[in-house]
Structures are given as C-alpha cells and as structure tokens.
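The values are calculated or read from the model by the stated rules, or taken from the named source; none is laboratory data. Remember, it's a predicted structure, so these values are computed and weren't measured experimentally. Here the Cβ positions follow ideal geometry from the backbone for every residue, glycine too, while neighbour counts run over all protein chains shown. For the accessible areas, the whole protein counts, side chains as well, though only heavy atoms, and no ligand, DNA or RNA atoms are used. Shrake-Rupley method; radii C 1.70, N 1.55, O 1.52, S 1.80 Å.
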Number of protein chains: 4
Amino acid sequence: MEKRARVLIDCEDAKGLVYNISKVFYERDLNIDTNREFVDKEKSKFFMRTVVSGNFDTQELLKALRLVAPKEAHIRVIEPKDKKIVILATKESHALGDILIRHAAGELGASIACVIANHDTLRALVERFDIPFFYIPANDLTREAHEKKIRECIDTYTFDYIVLAKYMRILTPTFVKAYTEKIINIHHSFLPAFIGANPYKQAFDRGVKIIGATAHYVTDDLDEGPIIAQDVIPVNHRFSWKDMQRAGRDGEKIVLSRALDLVLHDRVFINGNKTVIF
Amino acid sequence: MEKRARVLIDCEDAKGLVYNISKVFYERDLNIDTNREFVDKEKSKFFMRTVVSGNFDTQELLKALRLVAPKEAHIRVIEPKDKKIVILATKESHALGDILIRHAAGELGASIACVIANHDTLRALVERFDIPFFYIPANDLTREAHEKKIRECIDTYTFDYIVLAKYMRILTPTFVKAYTEKIINIHHSFLPAFIGANPYKQAFDRGVKIIGATAHYVTDDLDEGPIIAQDVIPVNHRFSWKDMQRAGRDGEKIVLSRALDLVLHDRVFINGNKTVIF
Amino acid sequence: MEKRARVLIDCEDAKGLVYNISKVFYERDLNIDTNREFVDKEKSKFFMRTVVSGNFDTQELLKALRLVAPKEAHIRVIEPKDKKIVILATKESHALGDILIRHAAGELGASIACVIANHDTLRALVERFDIPFFYIPANDLTREAHEKKIRECIDTYTFDYIVLAKYMRILTPTFVKAYTEKIINIHHSFLPAFIGANPYKQAFDRGVKIIGATAHYVTDDLDEGPIIAQDVIPVNHRFSWKDMQRAGRDGEKIVLSRALDLVLHDRVFINGNKTVIF
Amino acid sequence: MEKRARVLIDCEDAKGLVYNISKVFYERDLNIDTNREFVDKEKSKFFMRTVVSGNFDTQELLKALRLVAPKEAHIRVIEPKDKKIVILATKESHALGDILIRHAAGELGASIACVIANHDTLRALVERFDIPFFYIPANDLTREAHEKKIRECIDTYTFDYIVLAKYMRILTPTFVKAYTEKIINIHHSFLPAFIGANPYKQAFDRGVKIIGATAHYVTDDLDEGPIIAQDVIPVNHRFSWKDMQRAGRDGEKIVLSRALDLVLHDRVFINGNKTVIF
C-alpha cells in the first residue's frame, strides 16, 4: 500500500551520511518527494528532512535507518496527519483569534484540543468555535500550584505542542522540562531591545521606527529559546504607544501562525539554541 | 526677489500657535509649499516645518516669528543650500562608499569637507573621489589626545554634520558635547539585542532571522541617541556569521543614506531622546 | 460641553488657507490636538485634517469654515463615533475572519451591520459572532438582478462603508456609482503583474519572489481605484502555487485591516485616482 | 592535493538520483560541505548543488557523474575562483557605483573586465577605479550596428556574465542569444504594474505605496526573464515622482548586488522561465 512519510534525521556529521541514507530509500524503491540537508560545520551536526513515498513499513524503515546512522542519531519517520495542539492564553485575543480562524477554515494543519486561560475573558470567543475552554485562575496560588492545575487539565489530552498565544505568565523550569521542545511562544521585540516593565512604553519613549515579533521554542531562559520566525512592522512618531502595541499585535499573530505552520509540518529542527528550518 | 526657505519651529505647545504662525506668513503674502505639524501631547511640545516662498527678508521673518512664538521657542529659517559634512571612518568601506557614490552623482545634497580615519585603509577609495583624506591613528594616544587631533583637523572646516560611517571608536562626552545634535551614527542591531563583543557572532549563535540597522544622533549613551531611521534584512540558518555581517552592511548603508537625506533636508527634529520626522 | 471632532477639508489650494482655517479654530478657543496638511502642487489641491476639542457647535463651526474656504471646498466636521460597515464575501474566510476577530475584541472601530455572500460557505463562521449573514446566490441571475437583491438587503441598514472581503464578483458601474467612495476592496498583486485567469499560477510559473496585497477604493476600473495600503510577503521556489496563495492571504488580511483602520478613523482623502493619508 | 568544487546538476527527475550521485562522492572519499536539492514536481526536474572537498580529479569526477545521471543531464564541476564580469551602463550611477564599491572592497566575488556605456557620463566614475571604460554611442547607428560594436569590444575579454547596470537600451534577440543565461538585468516595478513611458510618473499618478525592484536573467521578452531577486521600498503621498525614482534606485542597487552575489557563487539554476536558488 502506497504511503508517504517525513523522515527527519539529526546527528553528528559523518562522511557518507547522504549516501548511506539515500541507499536505504533506494533499496526500498521509495520516491524522494523533497529532500533537504544542512550541515552545521561549527558544531559538526547533520540535519536531513526527506519526504518519501512508496510501499514501506514504518518500523522496518526506521530500523534500517538506525543501522546506517551514527549511534546517537535522532531519527523520526512521521506519517503526515494533523497534529494536535493545546493553547494557553490570558486576555488578548489577536494571536488566539488568528489560530481559531485558520482552524475553522481547515488551514491550521492541527486540531485544537482545548484553550486554557488564567482569565475568563476569552471564553466567549473560544466557545463560539466549539472548542473546550478552561479558566484556571492563578489567584492565591503559588506558581507551582497553578501549573499543577494546568498540567492536570492538559494531560487529559494527547497533544503535540503547547502554543502560548500571549500567555502572560512565566513558566517554571519544571513545567518547561516536562514539555521539552513542545512549547511555542510569541513575543514582540524592539531594535534596540528594552528590558523591564512595559517595553512598548520604553520603545515609544525611545522613538523606535520598527516593532518586531519573534516566535520561538520555550526554554528556561524567558524569551530566549530557539527562534522559529521573526518579522517587523514599521512605526513612526505619530504612533502612540497604544498604536505601537496594536501594530505589534499584527506582527505577533502573523509570525506565530507562520511558526506554527513550520512546526506542524515538521520543518523545524532544534540545533542547540537555534533552529534549522527546511 | 522671490526666494524660498524652510521654517522650523519647536517649542512648548500653546493655543493659537498654528494661527499665529500662519498669520505671519499670510501678512507677508508668502506661499506655503509644504506644511507639517506635530504635537507631542505627552510632553506638550509643538513641532512645525513649513516651506515658504515669496519675497521676504530672512531676519525680519525670524523676528516676526519670535514675537508670536513662546519665549523659549527654537526657530530656524533656513534657505536651502547644500550642507557640508565631515565623515569619520575606520576600515569598512560600505557606508562611506555609498555616500561617495551619491556625492559623485550629485544626489547627496551635501558636499564632503573631508574624511578622517583612524586607519589608512580607506585612503585610496576616498582619494579616487578627490576628497581630502586624513589618517589620524589612535595608537599610543589617550582617547582625549586622539580626539584633540581630530578636532584640530575638522575645525579647520565649516560643516553642518559629522557622519560616523562605521567609525569604530567610542567618542568622549566632551567630543559629543562639542558637536551636540550634529553627529550621526549607524549601527546594526538584532531582535533580540546582544550586549558585548562580536554581536554578529552572538546573533548567529542565537539563530536570529532578521538583522536590523539603526541610524541615530549620537549622545553620551553609546548607540542610544534619538533614532532617525531603521530597517531590517532577513537572514536564515544557512548564513554564516560573516554572511550575516555582509547582510547587515547592506542594511547599514541604506539606512545611513536615508537618515542623511532626512537630516540634510532639515526634516528631523530632536524631541528629547526621540525624533519627529516630517 | 467639551467635545471633540475631526475636521476634514479638501479644496483648491489658495493663499492663506491655513491662516484662515486656524483663525476659525482660534476664535472659538478650540484646542488643536493633531493637525496635518498636504498640498498636491501638481493638481493645486489642498488637504487638511485637524482634530479639535473644546466647546463648539458642529453646525456653527461648519458654517464658519465654509465662509473662509473656497466655494467648492469639501468640508466635514465628524464627531468620532464608531462607523458601521457592511461586508461582502464569497467563500474565503481569511479577510472576513480577521475583521470578525478584531470586531469581537472591540478593536475594529466599527460595528458590522451584516455579512452578505454569494455562497453559503461562511454562514457558520459569521453566525458564531452573532452577526446577520445573508446568502444571496447569483445563480441564474443577471449581474444586475443579483446586485439589486444585494442592494435591497444592505439598504435596510445605515452604513458608512461596504467592505469587499474577498468578494469574487465584479461590480457593475451602477452599483459602484451608488456607493461612490464607500466601497473598499483588497486584492493580491505581483511584481510584475499578471493579467488573466489564476494569477497565482502565473506568478508561480514566473517564479516571483514577492507577493503583494493592495487595499483600495473601488471605482469602475476593476482593481484600479485609489490605493489605501499595500504590503508584500516574500516567497521562493519551494512554494507551490497553493503555498503562494496562502502567503498572499496573510498579506491581504493585514493590508485590508490596516486600510480599514485608516478609513474608519477618517485619515484617508481621495485625490483623483490616488489618496492622501494622514 | 585537497581541493574544493561546486557540483551543479540539473536533469530530468529519476529514482535513485541522490543515491547514485552521493555514491560517486562516497566512493571518492569526498567531504560534502553543503548539499541542497530541489525537485520541481510539476516539470519533473531535479536540481542539486553540492560543495565537495577532498582529493579528486575534476575531469574524472565529471565523467563518473555523467555515468550515473540521465543522458541529458547538465552537470558542472566548478572550482571556486573569482568570476569575471562585463558591465553595460548608460547614465545612472547608482547600480554601477554599488558594484564598484563592492569590487574595491574585495567583496564583489568577481573582477570587472570593463564598463561599456552608450553615453560618456560615467567615464570619470569608472576610471576613478582604474577600470577600462568604453564609450560606444548609439547615435546614427542601427541597433544591430551598435551591438556589433559592443560585441567587438566585450569579445576581446573572457567573462562569465554581462551585467546591465541600468543599461537603458533594448537588446536584440541576436545579442541575447549570443550570451544565453549570461546577461543579468535590474529593473524597478510597481504593484500594480504600469506599461509604457515613464512608469514612475504613472505610479505617482496612481499613488502606489510600494516600489519594487527585480533582478533577472535577460531573455527575448523585455524584463520578462527568470527572476533572481526582488525587493520593495515603501513610499507615500508626500513622495514626488522624482522622490519615488530615488527610492526605486536604492531598491535596484541592493537587489542587483544580491542577485550578483547569488549568481557569482553558482547558487542559481535556471528552470524554464524561473529560477531555483540554493
């Protein structure tokens, strides 16, 4: 039975990798629909993403690839099917709304298991789309206790990614570790950057001409994980800082959706603190 | 005799300013060719740039405007003529070269008094354009002694602006103060920003997807003065950090030239630590 | 009673216009919150948008302005309140969805009277937001007969603008004329442009690197009316034409929303076949 | 002796191509420094660019690759060395000047054999850089006679590419055919496009908000060859059409230099009327 899979391999670089891997495909008479590689010379790391089609047994293919790749290689054979995501939000609707509309149009490439928020503001919007909404307030709870409640909720679902659609709370290292390489965040940023409270106000005070948005994997360092996508929106002296915020939101929602599209199609490798995107 | 002038006024905001100023123009039967105002509500500051033409005496016009504007108002009546600039550089030719080509094509809107550099690398390039080049090395000199030599050189010229075309030395507060609102710099920057040595290497290590360039007035805080223009160049994981540097240079030269064009046409007001650009 | 209004004036250019208009404000002791003018020298046309606040009677102010402006001047004194829009759509949800989300978040600056579509596809989405949806199919109808039905529907509402959110039918000159300067459209475009069927396929065949989106007022010439906003999205050889279409949609929805924001805040003047945007 | 080469292969797609080609590298114990492939599914065409290093004989490697590739395959093994270009210009200096500055800084990746122009305007600029300049006026000559003179001049050099740096004359099919896939041009363009004389004036009259620039290979259809790079510059209603022209020039020079960088590093495949860029 003809089928299709995305083969993702990342490992130490070694001579003959392309040859040995393509040999595995060749011997099984598989078609290569797309194939991209990248070698990070500095770290001596090899990345390869191949879409193959033909008659194959996924487990057998995986076993054969393991035989030719270095021992520590990270190999995945993924049969395309819609991923599932969980969304965390707070009060702002722009990033969440953009995902909901794409989902409703069948263009997200993922189903949405549920939306969890630490405020009840977005309930009506989410429920309009017949998606479960859970209000888990953080009031009077320690960070750990709050996250425990969230984990109890999301762990009733199977899911591939947690999307922070303007979730305005910092996650503990414990939470981040529990979902390594699975949490995706969006944040605005500026040229130059501003540290501390209300960066839009600071950017306004400095008169920046550009507002940026960055989508990234979440690691322990707040807003410092591997970058997936970035873009900028031009602003000028006639923008109030509220106008800047509004402009920043457009950037955020588009960049988050672009990042999700890449991640959900298995086009992103994490390479230390950066990404390789095919 | 029909002539034309740019009238620039910035002052405390007050009721009737537009009326009182336009009355001055009206009573002198002047044409208003372009007119733009901006009020910074937060700081209660008023900015106005008007290009007028007609028969007028510049000193008389200035006097009349002073009578209707608040006492501390900063008023300029500038008859358009090419400005003069002094350029400071080090070794890199991209920003300097772009200025030289525009100058040779008669498109810079300024003449170049001279180029001063702390290395001799750029002499041949500058002298190809018949522009005086002065090599003032910093070796074995204190920062103050080096700047003293530079000042002795540039002060033999009259000039409107000092353009730092990738001048890679930090200026002392004394130097900056001596040429307040007259020094223009360009620097690259990143989303997010990176502090410390070799930011391109750091940006590469973080895998940024965008490189920015910022042209600004120089104040005591390094790279922190009022921003005139900004732009970004997209990069990706296939860029080495040298490739990123090359991409950043394209951004820098275009942004510096755009900023110079604004400044040389008297379109930029400094408003605290930001700018109003008409 | 303190109130605020946007004063919009466009007319033949004439000496003393700024003086005479600002005198009207001054004599009524009005504050000028923002003020922008532009003179199109080529057409000798004057444009001015002033936000004033204070105690005034709208009709009296209008009368006073008419006395000082040229006879044919087009003068509006608009007290800010949410505008009302009617949306026409077909099957695609991206532009419509973006408007609905902004509306639900209270960020649109307009209420939505209803959505009319020539297919029933978008009913569920629109009704999720409790907005009236009318399905007016075009099957077996002449263009005129179909538009008659649409007009019967929309004319039961009062509204300021008709927004074509990917409405895929050409409007007759009669319809366009009935709503002069009130219809806003979005379309994608390419560098270079492609005429005829399926421009995305043509752009794909030509290997364009950029997809553009243009929001504009609708005039008799299809897609040729005064441009309000434009933006571009980069693409490359790995994009299928369906990917290009998806990229184009992101551009379209952002540009349409940006254009709506400008129009709904009365920031756009139509100047022949172009716009002046303050 | 260790050396390095760029291997470029384009041919009909076939099963096992990656395997068979990588086998050739593997059997010769070559390192793969970078490797990228692309399959155009629609045209069933395969493209591969591999940088290999190691001990190899170029002719032997080429022969081995020919044995495993389809019969009509286009295979090149290119040892990196600076390419040589010939530049054709008219009067405008921006695109030419940018190339000269990069060349002087050692960043062009090519030497410049000579510059030929149909006006004498640019002589001083070119000769400042000690590059041969030939003035070949077109006056009183048929297009064919003029091109004959140009060909006599450039054919005294060996060169890889002819760069049209704002060469304002149309080339005959004969000329284009004589240098197939070797002529690179830059032109501005608009959203939407404007046909006929003075497109900047037309774009101004239409009030475009964006000016684009396109670098492409020259084919018989004027400005219609495979696109290498594109970019845009934002403009607005305050730009005169001369300002637009100036903005367009910035776009043109940056895009031409970016395209040259890609072409000179053998990163561009021509694929019918489009390009594949690695």
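General remarks:
- Nitroxide proxy distance, nm - points 7 Å out along Cα→Cβ at B:N198 and B:S44: 5.2
- Inverse of mean 1/r across different Cα pairs in segment A:25-127, Kirkwood, Å: 17.4
- Partner lysines whose Cα lies under 24 Å from the Cα of C:K3, excluding those fewer than 8 positions away in the same chain, are identified as A:K242, B:K15, B:K41, B:K43, B:K45, C:K23, C:K63, C:K81, C:K83, C:K84.
- For segment C:83-277: relative contact order, % (alpha-carbon pairs under 8 angstrom, 6 or more apart): 20
- Dimensions of segment A:3-78 from C-alpha coordinates, computed as largest minus smallest value along each principal axis and given longest first, are 37, 22, 19 Å.
- Sites B:M168 and C:E127 - FRET efficiency at Förster radius 56 Å, r taken between beta-carbons, to 0.05: 0.35
- Stretching A:D155 away from A:Y135 to a fully extended chain increases their span by 5.6 nm, per 0.36 nm per residue minus the current alpha-carbon distance.
- Protein heavy-atom accessible area occluded, A/B pair - total, 1.4 Å probe, Å²: 2900
- Base-10 log of normalised Debye intensity for segment A:185-278 (one unit scatterer per alpha-carbon) at q = 0.13, 0.20, 0.23 Å⁻¹: -0.45, -0.92, -1.09
- Heavy-atom surface of segment C:177-276, accessible at 1.4 Å and reported per residue (Å²): 34
- Structural size metrics of segment A:69-153, computed from C-alpha coordinates, are Rg and Dmax of 16.4, 51 Å.
- Student exercise, segment D:3-78 dipole from Lys, Arg, Asp, Glu Cβ charges, in Debye to nearest 20: 100
- Angle between chain A longest axis and helix A:17-27 axis [Cα atoms, degrees, rounded to 10]: 60
- Once you divide the Cα radius of gyration of segment C:141-180 by 2.2 N^0.38 Å, the number left is 1.13.
- Share of carbon and sulfur in the accessible heavy-atom surface of chain C [1.4 Å probe, %]: 50
- Placing a label point 7 Å from the Cα of A:S111 along the Cα-to-Cβ direction, the distances to the matching points in the other copies come to 3.8, 6.6, 7.6 nm, shortest first.
- In segment A:95-121, the residues that give up 10 Å² or more of accessible area when the other protein chains are added, compared with the chain on its own (1.4 Å probe), are A:G97, A:D98, A:I101, A:R102, A:A104, A:A105, A:E107.
- Cα centroid separation, segment B:189-264 to segment D:38-56 (Å): 34
- Between 0 and 90°, nearest 10: helix D:58-68 axis offset from chain D longest Cα axis: 80
- Across peptide D:202-211, the average count of Cβ atoms from other chains found within 10 Å of a residue's Cβ is 6.
- More than 28 angstrom apart: percent of Cα pairs within segment C:83-277: 24
- Pseudo-label separations to other copies for B:M168 - Cα-to-Cβ vector, 7 Å, nm: 4.0, 4.5, 5.7
- Computed over segment B:4-59: relative contact order in percent, which uses C-alpha pairs under 8 Å that are six or more apart: 49
- Each 20 Å bin from zero holds the following percent of Cα-Cα pairs in the protein assembly as shown: 11, 38, 39, 12, 1.
- Å² of accessible area per residue within segment D:3-78, as computed with a 1.4 Å probe and no ligands counted: 45
- Cα-derived Rg to Rh of segment D:35-192, Kirkwood definition: 1.05
- 0 to 90° range, to nearest 10: angle between helix A:94-104 axis and chain A longest Cα axis: 50
- Percent antiparallel among DSSP beta bridges (both partners in the protein assembly as shown, rounded to 5): 70
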